[in-house]
Amino acid sequence: MTQLKAVLLDAGNTLIHVDHEFILERLAAEGVSADEEDYAVARRYAHAAVARILGSDDPGTDETRIRAWFIALVARLGLPLHRVPAVGDDIRKRHEEGLLWVRAEPGTRELLEGLRAAGLRLAVVSNADGRVDRYLETAGLADCFEFVLDSGVVGIEKPDPRIFQLACERLGMSPDEVVYVGDSYEVDVVGARAAGIEAILLVDEPRDGVACISAITELPNALGLTAVSDSDHDR
């Protein structure tokens, strides 16, 4: 087996997440009472809605899928349909300000530092709007990566294998020396495998035929790097 030398990671819903406190506060202003547990349930519902879109005859684009994700999210949280456009405008404004995708799960930076300490090179491959490097910087993660390939910059969107191939070229590595971590089977796993890269899927429920983790902090164990995980836990 070829030795693993690098880890490529997705950004949205893998490394960085929506500022759910902003979403809940905005919904509270609409009279919608919801807490973090409600948000977690709605988030899973929104993910499932996007998965159905990806499995349909019209998977759309990353932009249309994100819009569908947000609509499913706020509807599940109890926002009346006639208020979705107004709330959507405020969410979109927050995104335009670069302040929406800014939250990293606790332990994410420590995880990345541990992977680097284990000798692994790290980079990001993301479908985004050309600003994912800015989002990562706001989340305090940008300096953990050698480079970021943003589909909005390079003009190639996952699952097109060319964006993964470009990452391998930037690393100077063959696909079998790299693993990819993302949250969408149809976009991340399918695209990575088409480029000859094995993938790890970040999902709430395990899926057959692919290695799965339920939290980004489980990644060291999935890579067989238990020593990294243990050292981070003891910090």
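Using the structure shown, decide if Thr138 is among the β-branched types (Val, Ile, Thr) and more than 30 Å from Gly55 (Cβ to Cβ). When the stated conditions are applied, Thr138 passes them. Ala11: in contact (Cβ under 8 Å) with a residue 40 or more places away in the chain, of a type in the set (Gly, Ala, Ser), over 30 Å from Gln165 (Cβ atoms) and crowded, with 19+ Cβ neighbours inside 10 Å, yes or no? In short, no. The set of residues from segment 15-29 being under 24 Å from Val132 (Cβ atoms) and buried (at least 21 other Cβ atoms within 10 Å of the Cβ) comprises Leu15, Ile16, Val18, Ile23.
Tell me, which residue of segment 199-214 that is in a loop (DSSP other than H, G, I, E, B) and either outside the structural domain of Ala11 (by TED's automatic domain parsing) or touching an Asp or Glu at 6+ places or on another chain (Cβ under 7 Å) (or both) is surrounded by the fewest Cβ atoms within 10 Å (Cβ to Cβ)? Step through it out loud before you land on a result.
If we filter segment 199-214 for residues that are in a loop (DSSP other than H, G, I, E, B), which is where we start, we get 203-210, 214.
Right, trim to either outside the structural domain of Ala11 (by TED's automatic domain parsing) or touching an Asp or Glu at 6+ places or on another chain (Cβ under 7 Å) (or both) and you get 203, 214.
Details: Val203: 17, Ser214: 12.
That would be Ser214.
Filtered by the rule that a residue be in contact with a Gly (Cβ under 7 Å, 6 or more places away or on another chain), closer than 25 Å to Glu137 by Cβ and assigned to a helix (DSSP H, G or I), segment 153-176 gives Val153, Phe164. Does Ala51 meet the test of being without any contact (Cβ under 8 Å) to a residue 60 or more places away in the chain, among the small types (Gly, Ala, Ser) and either farther than 19 Å from Leu202 by Cβ or not in a loop (DSSP other than H, G, I, E, B) (or both)? Considered against the rule, which asks whether it is without any contact (Cβ under 8 Å) to a residue 60 or more places away in the chain, among the small types (Gly, Ala, Ser) and either farther than 19 Å from Leu202 by Cβ or not in a loop (DSSP other than H, G, I, E, B) (or both), Ala51 comes out as no.
A single member of Ser174, Ser151, Ser184 is at pLDDT below 95, out of contact with any Phe, Trp or Tyr (no Cβ under 8 Å at 6 or more places or on another chain) and in the same structural domain as Arg207 (by TED's automatic domain parsing), and it is Ser184. Listed conditions (1) surrounded by fewer than 19 Cβ atoms within 10 Å (Cβ to Cβ); (2) at negative phi; (3) not aromatic (Phe, Trp, Tyr) are all met by Gly224, apart from (2). Restricting attention to segment 148-186, the residues that are under 24 Å from Pro220 (Cβ atoms) and among the β-branched types (Val, Ile, Thr) add up to 4. Picking from residues in segment 78-118 that are small (Gly, Ala, Ser) and touching a residue at least 40 places away in the same chain (Cβ under 8 Å), the one that is nearest to Thr2 (Cα to Cα) is Ala118.
The values are calculated or read from the model by the stated rules, or taken from the named source; none is laboratory data. Given the structure is predicted, the values throughout are model-derived calculations rather than measurements. Heads up, the Cβs are rebuilt from the backbone with ideal geometry, glycines too, and the neighbour counts pull from every protein chain shown.
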